[in-house]
1. Among the residues of segment 500-534, write down those that are closer than 19 Å to Glu440 by Cα and out of contact with any His (no Cβ under 8 Å at 6 or more places or on another chain).
2. Which number in (1) modelled with pLDDT under 90; (2) within 23 Å of Ala446 (Cα to Cα) marks the one condition that Gly537 misses?
3. Across segment 463-497, what is the total count of residues that are under 22 Å from Ala542 (Cα atoms) and either basic (Lys, Arg) or at pLDDT 85 or above (or both)?
4. Mind checking whether some residue in segment 406-426 is at pLDDT 90 or above, of a type in the set (S, T, N, Q) and not in a strand (DSSP E or B)?
5. Looking at this structure, is Ile527 within 40 Å of the chain's Cα centre (by Cα) and among the aliphatic types (A, V, I, L, M)?
6. What pairs come up if the first residue lies in segment 171-189 and is farther than 14 Å from Ile369 by Cβ and part of a helix (DSSP H, G or I), the second is among the polar types (S, T, N, Q) and at pLDDT 80 or above, and their beta carbons are under 7 Å apart, counting only those six or more places apart or on different chains?
7. Could you tell me which residue of segment 651-676 is nearest to Asp615 (Cα to Cα), considering only residues that are among the hydroxyl-bearing types (Ser, Thr, Tyr) and surrounded by fewer than 24 Cβ atoms within 10 Å (Cβ to Cβ)?
8. Filter segment 534-593 down to the residues that are closer than 30 Å to Ile460 by Cβ, of a type in the set (A, V, I, L, M, F, W, C) and assigned to a loop (DSSP other than H, G, I, E, B) and list them by number.
Amino acid sequence: MSTEPKPVTYAFRVDGMDCAEEADLLRRELSPVVGADVLAFDFLNRKLTIHAVPPSMTAEALVAIIARTGLRAEPWRNASLPSGSPPPFWLATRTASTALCGLLWLGAWALQLWSYRSGLDTASSIELWVFRALCLASIAIGGWPIAPRAWAALLRLRPDMNLLMTVAVVGAVLLDDWLEAATVTFLFAVSLALESWSVSRARRAVAALLELTPAVVRTVDETGSEQSRPAAEISVGTLFVVKPGEKFPLDGEVTTGRSDVNQAPITGESVPVPKQPGDGVYAATINGDGQLTVRSTKTADSSTLARIIHLVTEAQTQRAPSEQWVEQFARIYTPVMFAAAILLAVLPPLVLSQPMAPWAYRALVLLVIACPCALVISTPVTIVAALAAAARQGVLVKGGAHLEQAAYIQALALDKTGTLTVGRPQVVQIVPLNGHSEAELLQRAAALEAGSLHPLAIAIVEYVRQRGLTFEPASDARSVPGKGAEGRWDGRLFWLGSHRWLEERGQETPEIHTQLESLTNAGKTVIVVGNEQHVCGLIALADTVRPGTREVLQSLRNVGVASIVMLTGDNRGTAQSIGREVGIDEIEAELLPENKVAAIERLLARHGTVAMIGDGVNDAPALARASLGIAMGAIGSDAAIETADVALMSDDLTRLPWLFQHARHTLSVIRQNIIFSLGIKVLFAALTFWGWSSMWGAIAADAGASLLVVMNGLRLLRISTTLTTPS
């Protein structure tokens, strides 16, 4: 039985693919052949991936199709993470060609100036031919990346900025304005070089992440002998040693040793985090003063850092709404301006009997002005810079669309356990009874719970050790399923368990019952400790609120979040207790996953845009339904992190108001860039109509605008890490 060949995936490196303009060119040529939904663009690495390609379509055929756009493609040689840092901007081919174009242009300008000052008649001398040769060489070198794309645009009858520039340059040459044509070519080449530089800077920022981890791992075997091995060869479960001051090469779990670890490269935390056996560590974080032995839990290509790099490189391929608007605007704007230039050249001579040459020149100037370089480049540069700045703060945003969505959030829904709270029980209150002290009560409880792995037992034993109390495990200790534990301590029988077991033993009094009910209604879990004669006391445990949560919620209100709602599967009493403590606006408790989704839908109907933050598998459906899903990344489940649009790698809720303010700041910068870019166009269009502009002045203004919007967008790389409350 024959089987049909399966579709294949091809990846190519495309020289010159730096922004959405090139992506549009490729999409127009490739979509009729392979489909519109199978193309993936990675501008940082100039990588084009084509999924689900029919087996009959070869890589060579795809390269030929790409060549029709004026771009050159070659098969992708390394489909994994980018390796090493890209060459500096000043060593790039485009930079060198732009510099050479500028030198030739300067030579032509200097020759013309010398001829004028010497009083020579350049029309009848050899200087004219040298001058034209310099201009022509400058045009050819500066225009070599532009002309093929302009020709492709002409064949498709889809005018773009490359065609606009080419027509303007050719027109200037036909009008015998050689220096003007060379000036326009050089300044446009400068604009393209600025675009390449902005993308190159973002590319270097991503490549720098790879340099955070050591390439070599110091592994240790059962005999204790050490061996240096490449990180890429280390499998899960391998033991390795990290000495004081060294970086962790892989994600892992500490097996021996204690130290403080600087986790700022991954989570953005400014304070070192204590690590002991059982704690997890991240690749690229920095060890403190103690030596640690670590068991690897992930390979090098699946570590938290690798996931960050993957998210950053993938995020910039998802176009934000502002970016899509700019592209749609430019797609309409460019042919309209092209038509306007033709009318400007033709109508005055035909209708008003004006001379042709001045109006043809003004039409060429209008074509130069029409070039939407600054407009097109401003938004993607701003988005990439904003995403990189967020990643530095331990906030991973999976695309520009999600970052923009964060700027419009009106309501926020929060899970309780692991989000508002630390996610594990802690001792919060001790009530000794019948003459016992707190120390005696805790020692007896710890003695009975010493060998248990129950979360409540672990919390009690940890608390006793933190208090500096010593204890010996109880003898004859045994667990009583569904009730508690009992054993002998100092020769006497003690027991520990729930309120129900207390009732079964017949040792409850009205006073104890009242205390138990009061603690339970306050959202606390109560453990009763007693012996055969009486109750020794009560130990109350609760999942405690994260420090500073109330202040974080107030900061969220200050940055524009109108409603804050808790969605939890926990009982109503506990939920209300936590809600009152932190200042939640609305509380919905005892919810199943589908109930959380329904609650999100109600919030969407009321507020329009809703963010949901959670950490568990049961939160994943609600995260997917919300306008913006945010996962607590460090402790969150894989399902929550993969479903969410944003991950807080440090589990630091203070990053939440920072994210919303950062998103609003990003949108503000985008609007500034768009208004400035269009304002320059309108100003020079008006000046051109009245004959007060020139081609070189227009392109200089456009190049200057490109530089200004790029620098304005890149300011986000240096954005403040603190929250600025609006007045």
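1. Answer for segment 500-534, where residues must be closer than 19 Å to Glu440 by Cα and out of contact with any His (no Cβ under 8 Å at 6 or more places or on another chain): Ile512, Ile527, Val529, Gly530, Asn531, Glu532, Gln533, His534.
2. The single condition Gly537 does not satisfy is (1).
3. Matching residues across segment 463-497 total 12.
4. Among the residues of segment 406-426, at least one is at pLDDT 90 or above, of a type in the set (S, T, N, Q) and not in a strand (DSSP E or B), which makes the answer yes.
5. Taking the combined requirement at face value, the residue does not satisfy it.
6. Note: pairs meeting the criteria are Ala182/Ser138; Thr185/Ser138; Phe186/Ser138; Ala189/Thr98.
7. Thr654
8. Across segment 534-593, the qualifying residues are Ile584, Ala589, Leu591.
The values are calculated or read from the model by the stated rules, or taken from the named source; none is laboratory data. Bear in mind the structure is a predicted one, so any value in this text is a computation, not a measurement. Counting neighbours? That spans all protein chains shown, and the Cβs are built from the backbone with ideal geometry, glycine included.
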